[in-house]
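Down below is the structure, laid out as structure tokens.
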Amino acid sequence: MSVLLQVHQLCKTYGAVEALDNVSLEVNEAEVLGVCGDNGAGKSTLMRIIAGAIEPTAGTLIFDGVECRFNGPRDALASGIAAIYQDLALAVDQPIYQNIFLGSEILIPTFVPGMSRLDKTTMRQQSGEFLSRIGISLPNVDSPVSQLSGGQRQAVAICRALRWHARLVIMDEPTAALGIREKSRVLDLIRRLRDNGISIVLVSHNMDDVVSVTDRIAVLRGGKHIGTLTTTDVDADRLSHIVMSGRVDAA
Ligand SMILES: Nc1ncnc2c1ncn2[C@@H]1O[C@H](COP(=O)(O)OP(=O)(O)O)[C@@H](O)[C@H]1O
Ligand SMILES: [Mg+2]
């Protein structure tokens, strides 16, 4: 299995707080890596650094064999790393297809120099294609996002990542606000993304979700990476115990 992202000796300090303390880990191609840890373990800090939202104090990211220094989330996106935050950052009054192309609209030049217009036909058609790639059929890509369920909104956010040709998608607590049925739909979405060859980093408090959808699980505690588990070796109870105790060998 080949490595897509190598996180190498990452440190992030806030004054006296070591949010990340020499964290090294790898994300393989087409794998779901869970990131677990108690509150304050450094999960969000790690995620934000990978997504280009904050800079590390020390350490490097090597993505697809190339050392990266991101100057903001746009840089990370352009390199193929997309983050989906809990609020999804959707424009809920706007149609589905415009959300998928938010910030990367397809334009057609007009006869007026320097003026272009939106290529809505192509964006609508490609939106349908992105959705079907992840196994979602929505009645109409012209519907506003406000009419969608929580799981469908996640699908729209995922399609936006596909639109950016993301090879790594980072998701922060994607199931936290969802009911049971919607939750299982989002877990299916994650599996289908992986089947499309995309790697996913899943930050979650929900041990059942993590155990059901990941291939490996990195455990953080107090800013340190205390170990990475193979998911088939643990169940939700054992994982929970490991996260609480901070000991990978915990029974
Ligand atoms: N912007 C910040 N300023 C100061 N301290 C921060 C900041 N962000 C995170 N921290 C601290 O870094 C540690 C790790 O935080 P975080 O990455 O949010 O953990 P988690 O997401 O695992 O709960 C915590 O002690 C937190 O208080
Ligand atoms: Mg957090």
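The values are calculated or read from the model by the stated rules, or taken from the named source; none is laboratory data. None of these values were measured; they are calculated from a predicted model. Virtual Cβ from ideal backbone geometry, glycine too; neighbours counted across all protein chains shown. Remember, those area values only see protein heavy atoms, side chains included, never the ligands or the DNA or RNA. Shrake-Rupley method; radii C 1.70, N 1.55, O 1.52, S 1.80 Å.
Data overview
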{"item": "Exclusive hit being under 17 Å from residue 39 (Cα atoms), among the hydroxyl-bearing types (Ser, Thr, Tyr), in contact with a helix residue (DSSP H, G or I) (Cβ under 9 Å, 6 or more places away or on another chain) and in contact (Cβ under 8 Å) with a residue 24 or more places away in the chain, set 204, 212", "result": "204"}
{"item": "Neighbours by Cβ (under 9 Å, 6+ apart or cross-chain): first from region 32-46, within 8 Å of ligand 2 (Cβ to nearest atom); second open to solvent by 10 Å² or more (accessible area, probe 1.4 Å) and among the acidic types (Asp, Glu)", "result": "43/172; 44/172"}
{"item": "Tabulated pairs, region 154-169, first closer than 13 Å to residue 103 by Cβ, second part of a loop (DSSP other than H, G, I, E, B) and open to solvent by 10 Å² or more (accessible area, probe 1.4 Å), C-beta under 7 angstrom, 6+ apart or interchain", "result": "157/88; 157/90; 160/102; 163/104; 164/104"}
{"item": "3 or more residues surrounded by 12 or more Cβ atoms within 10 Å (Cβ to Cβ): qualifying strands (runs of 3 or more DSSP E) within region 60-112", "result": "81-84"}
{"item": "Boolean, residue 34 is surrounded by 14 or more Cβ atoms within 10 Å (Cβ to Cβ), touching a strand residue (DSSP E or B) at 6+ places or on another chain (Cβ under 7 Å), more than 15 Å from residue 58 (Cβ to Cβ) and not hydrophobic (A, V, I, L, M, F, W, C)", "result": "yes"}
{"item": "Failed item in (1) over 24 Å from residue 239 (Cβ atoms); (2) open to solvent by 60 Å² or more (accessible area, probe 1.4 Å); (3) away from ligand 1 (no atom under 16 Å from the Cβ), with residue 17 passing the rest", "result": "(3)"}
{"item": "Test result for residue 146, free of Cβ contacts under 8 Å to residues at least 12 places away in the same chain and open to solvent by 50 Å² or more (accessible area, probe 1.4 Å)", "result": "no"}
{"item": "Breaking point among (1) outside any helix (DSSP H, G or I); (2) under 24 Å from residue 197 (Cα atoms), for residue 152", "result": "(1)"}
{"item": "Subset of region 25-52 (residues that are near ligand 1 (Cβ under 10 Å from one of its atoms) and either among the basic types (Lys, Arg) or within 15 Å of the chain's Cα centre (by Cα) (or both))", "result": "35, 36, 43, 44, 45, 46, 47, 48, 49"}
{"item": "Selection count where residues are modelled with pLDDT of 90 or more and closer than 15 Å to residue 162 by Cβ, scope region 103-115", "result": "1"}
